[in-house]
Structure formats: structure tokens, C-alpha cells
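Colleague: Below you'll find the structure I mean.
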Amino acid sequence: YLVHGPWRDPEGFNFPESRLFPDAAILPVILDDTRLHLGLPIALAAVVLGWILVRKSFIGFQMRVAGLADGAALYAGFHRKRMVWIGLLAGGAAAGIAGLCEVAGPIGQLLPSVSPGYGYAAIIVAFVGRLHPFGILLASLLMSLLYLGGESAQMELGLPPAVTGIFQGVLLFFLLAADLFINFRVRLAVGASLATEEAAS
């Protein structure tokens, strides 16, 4: 709404974008000749805070109990709806900080298409990271390599933009398949069903 209305750049040839941010509003670059800015230590601090919240605090314990066993949380007197709201607000705050680092970092202005599907990629990152803050950190590095590799393949090989999404989907598919075979014992019951039919006849 803002880039289409009150914050639209009057000198932007009617494109939905804001003015370029001044230098005071841009996150400083950590390493010269790179795009690595202050968002990296902010992200690392968010990982540590998330680990403390989820693994070392009573609120995190309540959230885990409410997520794993709703009946046990109710029996213990935990407020399930409150835990859901805390999780939603914490996730929204983290997403807002990530968007701030993206806008005030390499982009330098507000655009209507700041995120090229980061929300859907975050679901895969959470699954690959096993819902652990430090695992999510490593999974996010893997996902960033997929994004960069997909962009390189598009530019050098002329592949369509859907290649990155295909790689992400294949990764999630094989991860869920591995979980299926690890957590459940899959057996072929063809012989048993035939024996049952013969005994019944």
C-alpha cells in the first residue's frame, strides 16, 4: 500500500517504489567489496535468542508441550492459545526484522516484491533444520546456496526460474520420505493378504 500511495517516489516514473534510503538508514557493510552487512550478526543473535526462548525458558517448554501433546498441556494448566499467539508474534517479529535487514541492506528502498517466496522457503528450512534454531541456521545456508545456484543456472544455462523451486521441492520430498521410513516401519503385506484370502476361501 505504501509504495503504491504515500511513499511512492515522485521521481520514480510512476513505478511502485519508495525513494532510495539515505546512508544513515542503510545497514553498514561489514566486509569491504562485499554485500555482507550488519544483518548477519543480527541474524546470528536472533538464532541464539530463539534457542534460549525455545530450549531454555519456561515459555519455550510450554510451547513445546502444547505443540507435542495438547492434552498434556491442558492437564498441566498451560494456556494453549496463549502459546500459539506467542509463537505467532515471535515468528512475525523475526520475519519483520529479516525484511528490515533485506530492505535496509542490499535493496536500499521499499519495493512491492521484496521477498521472492522467502516465506515458502522458510517452511523447507524449518523442516531441514529439524525445528532447531542452530539446525535452521545451517539449513538456511543450504537454501541460500540453492537460490544462488538457481540464479547462476538461469543466467548461464538459460534455465527457467522454476528450477530453484524444483530443487526446493525435491529436497523437501526426499526429507519427508526419509522421515517416513525412519519413523514408520513400512512392510509389503501382499503375501499376507493372499494367505488370508486363501484361508478365508
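Read the figures in this text as sums done on the coordinates, not as results from a lab. Remember, it's a predicted structure, so these values are computed and weren't measured experimentally. Here Cβ is always computed from backbone atoms with ideal geometry, including for glycine, and neighbour counts include all displayed protein chains.
Colleague: Which ³J(HN,Hα) values in Hz, rounded to whole numbers, follow from the phi angles of segment 15-22 under the Karplus curve 6.51 cos²θ - 1.76 cosθ + 1.60, where θ = phi - 60° and Gly and Pro get x?
Modeller: After applying 6.51 cos²θ - 1.76 cosθ + 1.60, I find 7, x, 8, 8, 5, 5, 5, x Hz.
Colleague: Who wins for biggest fluctuation among GLY39, GLY117, GLY108 in a Gaussian network model of the chain, springs between alpha carbons below 10 Å?
Modeller: For the chain, modelled as a Gaussian network with Cα springs under 10 Å, the answer is GLY117.
Colleague: Translational diffusion coefficient, Stokes-Einstein: compute it for segment 20-69 using the Kirkwood radius over C-alpha pairs as Rh, at 4 °C and 1.567 mPa s, and state it as an integer in µm² s⁻¹. Don't skip to the answer; put the middle values down first.
Modeller: Details: Rh = 13.5 Å.
Once the numbers are plugged in, D ends up at 96 µm²/s.
Colleague: Tell me which of LEU88, THR164, TYR75 sits at the most positive position along the dipole axis of the chain, charges placed on C-beta atoms (Lys, Arg +1; Asp, Glu -1).
Modeller: Farthest along the dipole direction, towards plus: TYR75.
Colleague: If you work out Cα extents along the principal axes in Å from the coordinates, which of (1) 84, 53, 36; (2) 74, 45, 28; (3) 65, 35, 24 do you get?
Modeller: It is the one labelled (1).
Colleague: What ³J(HN,Hα) values, in whole Hz, does the Karplus curve 6.51 cos²θ - 1.76 cosθ + 1.60 give for segment 133-138 when θ = phi - 60°, with x put for Gly and Pro?
Modeller: Coupling constants for segment 133-138: x, 6, x, 5, 4, 5 Hz.
Colleague: Also, I was wondering about something else. Tell me what the chain gives for mean residue ellipticity at 222 nm when only DSSP H runs of n ≥ 4 count, each as -39,500 (n - 2.57), the sum divided by the residue total, rounded to 500 deg cm²/dmol.
Modeller: On the way: 8 runs with 127 residues, N = 201.
That calculation yields -21000 deg cm²/dmol at 222 nm.
Colleague: Give the order of VAL48, VAL3 when sorted by the count of other beta carbons within 10 angstrom, beginning with the fewest. Mind showing how you got there, number by number?
Modeller: Details: VAL48 12, VAL3 19.
Exposure proxy ranking, most exposed first: VAL48, VAL3.
Colleague: Using the Kirkwood radius built from alpha carbon pairs, what does the Stokes-Einstein equation give as D for segment 1-115 at 4 °C and 1.567 mPa s, in µm² per second? List each step's numbers first, then the result.
Modeller: Values: Rh = 17.0 Å.
Answer, rounded: 76 µm²/s.
Colleague: Over all directions, how big on average is the projection of the convex hull of the alpha-carbon atoms in segment 89-194, in square nanometres?
Modeller: Over every viewing direction, the Cα hull of segment 89-194 projects on average to 10.6 nm².
Colleague: A follow-up question, please. Each residue of segment 31-46 in turn: what ³J(HN,Hα) in whole Hz from Karplus with 6.51, -1.76, 1.60 and θ = phi - 60°, glycine and Pro shown as x?
Modeller: 10, 5, 6, 9, 9, 6, 10, 5, x, 5, x, 5, 5, 5, 5, 5
Colleague: Hey, can you grab everything whose amide H is under 5 Å from the amide H of HIS37? Only 5+ residues off in sequence or another chain; H modelled, so Pro and N-termini drop out.
Modeller: For HIS37, the qualifying residues are ILE30.
Colleague: Arrange the peptides 73-81, 28-36 so that the one whose residues have, on average, the most other Cβ atoms within 10 Å appears first.
Modeller: Values: 73-81: 12.8, 28-36: 9.7.
Descending packing order for the listed peptides: 73-81, 28-36.
Colleague: Something else about it: Given LEU20, GLY39, PRO6, which one lies farthest toward the positive end of the charge dipole of segment 1-42, if we put +1 on the Cβ of every Lys and Arg and -1 on the Cβ of every Asp and Glu?
Modeller: Of the candidates, PRO6 comes out farthest on the positive side.
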